[in-house]
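A short worksheet on the structure shown next.
The values are calculated or read from the model by the stated rules, or taken from the named source; none is laboratory data. Because the structure is predicted, anything quoted here is derived from the model rather than measured. Heads up, the Cβs are rebuilt from the backbone with ideal geometry, glycines too, and the neighbour counts pull from every protein chain shown. What goes into the accessible areas is simple: the full protein's heavy atoms, side chains included, and nothing from ligands, DNA or RNA. Shrake-Rupley method; radii C 1.70, N 1.55, O 1.52, S 1.80 Å.
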Amino acid sequence: MKPAPFEYIRASTIDEAVAALAASDGEAKVLAGGQSLVPMLNFRVVDAPIFVDINGIQGLDRIEETTDGGLRIGALTRHFALETSELVKDRFPVLHEAMKHVAHLAIRNRGTIGGSLSHADPAAELPTMAVLLNAKIITAGAAGGREIAAADFFIAPLTTALEPDEIVVAVELPGLPPGTGWGFEEFAQRRGDFAVAGVAALVTMNGQSVKDARIALMGLHDTPVRAHAAEAALMKGAEAALLDDGIDAAAAAARQDAEPMNDLHGSADYRRHLAEVLTRRALTAAMERAGA
Amino acid sequence: MTAKISITVSVNGENHAAEVEPRLLLADFLRENLDLTGTHVGCEHGICGACTVLMNGDSVRSCLTFAVQADGAKIETVESLGDIDALGPLQEAFREKHALQCGFCTPGMLMTATDMLRKYKLETDDDIRDGLSGNICRCTGYQNIVAAVRSAVDKRDAK
């Protein structure tokens, strides 16, 4: 099918884009990489009278180091640029690994981090990474800019905290403590397909006990989420210096808390099974890398 | 009816000026406006990969790109790789390894493989399979396509 007619506005600055969105009274939508939006336009499940193309905004595709050891990633950074960035590989190896699972080369050449976060698919890698890495999502809007914590950004499937006249400008990832181990496990039917389920983990060790742990689940809830119960279970087991017991308890908690859906690619029950198995694998890998 | 927009696009080294509706997909622009029917339209939602072309050197789905977004860009389609009398090296590898049957997916396979060959080492056949996983073929069972890309990788690396 083909998209319905629309008016096309090419913005060359963030201010121009925001002004065009604000002037449309909530009717206009942003067109970035288009890799999720255009399929929906072609099928006419999304329709808007005006699209504001932000691809021509200069300087919005930079990956810059921040002083706390983190990165500031411009909203128009393409997936392929993230996948091949030495800075990402060096500072956030878990994100580097996750990028290998993002769609296919032709999609990665066009798709953007700002677009993926704004689209907010609960089974997509970048929203999950934003939640895992405590990302701050920097926006611009008619009422000014905001910094939104990833935990507050994703509200429901394909629904974010963005106002109709706001766009994502950049994503800031705070630096990780030295010695942080990571794990990323995803199950998909084929490489590049949407995840049936996935789990990402970060672990910092203090000798033989776990100092800090973060676990994020993809495709297992309405939005990407931190698995707080699983994290608590891991820490509790770790206090007793029983790391394997901690991993088992965390994996069971991830399964218990999962609220997955049934669809063509997997039943809810199968996804709950994956929550447990992938949590165990991700934590085991993260602890090994953290030197446990 | 929305206003048409003037664009100039370089396609296979030739400049084309046109007035297009914003909603016109790049795939339809290539096929309908320029008669370059080598670019095939399958699923029209970015799954099958048949419409893959290169935009400024990067492979893109031409069904997920609007013609207006190609304004000022350099597009390369399967027609740029060679012709029936003088196949390009990748096309020659596909012919030699019998990597096509009906041929519908072949233009997308060729353009995807062109980009993969430039960007990735493709050390293992699994790497090739992962790279081609966004292009659907309903005839060959993929074995011969992987063999053709393998042959092209080997030729690339022998240089």
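Structure summary
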{"read-out": "Lys/Arg +1, Asp/Glu -1 at C-beta; the protein assembly as shown dipole; positive extreme among B:C137, A:T180, B:S151", "value": "B:S151"}
{"read-out": "Whole-Å semi-axes of chain A's equivalent ellipsoid (Cα gyration tensor)", "value": "34, 21, 16"}
{"read-out": "Within the accessible area of region B:61-159 (1.4 Å probe), percent carbon and sulfur", "value": "52 percent"}
{"read-out": "Cα-centre dipole for chain A with unit charges at Cβ (Lys and Arg positive, Asp and Glu negative), debye to 20", "value": "660 debye"}
{"read-out": "Proportion of all alpha-carbon pairs of region B:30-89 beyond 17 Å (%)", "value": "40 percent"}
{"read-out": "Surface accessible to a 1.4 Å probe, per residue, for the residues of the protein assembly as shown, Å²", "value": "43 Å²"}
{"read-out": "Between region A:195-260 and region A:106-124, the Cα center-to-center distance that results, in Å", "value": "25 Å"}
{"read-out": "Chain A: relative contact order in percent, alpha carbon pairs under 8 Å with at least 6 residues between", "value": "16 percent"}
{"read-out": "Total accessible surface hidden between B and A, rounded to 100 Å², 1.4 Å probe", "value": "2700 Å²"}
{"read-out": "Entries of A:K29/B:K74; A:K89/B:K97; B:K74/B:K155; A:K100/B:K97 with Cα pairs more than 32 Å apart", "value": "A:K89/B:K97"}
{"read-out": "Column: log10 I(q)/I(0), Debye, Cα scatterers of region B:115-156, q = 0.31, 0.32 Å⁻¹", "value": "-1.24, -1.29"}
{"read-out": "Carbon + sulfur, % of accessible area of region A:134-292 - ligands and nucleic acids excluded, 1.4 Å", "value": "50 percent"}
{"read-out": "Heavy-atom accessible area, 1.4 Å probe, ligands and nucleic acids excluded: residues of region B:52-83 down by at least 50 Å² from chain alone", "value": "B:R61, B:L64, B:F66, B:Q69"}
{"read-out": "log₁₀ of I(q)/I(0) at q = 0.11, 0.12, 0.13, 0.18 Å⁻¹ - region B:1-142, Debye sum with one point per alpha carbon", "value": "-0.40, -0.48, -0.56, -1.02"}
{"read-out": "Degrees separating the helix A:243-257 axis from the principal Cα axis of chain A, which is the longest one", "value": "40 degrees"}
{"read-out": "Region A:73-100 and region B:27-56: distance between their alpha carbon centers, rounded to Å", "value": "29 Å"}
{"read-out": "Protein-protein interface of region B:20-43, residues with accessible area decrease of at least 50 Å², isolated chain reference, 1.4 Å probe", "value": "B:R23"}
{"read-out": "Lys/Arg +1, Asp/Glu -1 at C-beta; region B:1-144 dipole; positive extreme among B:N33, B:A86, B:G103", "value": "B:G103"}
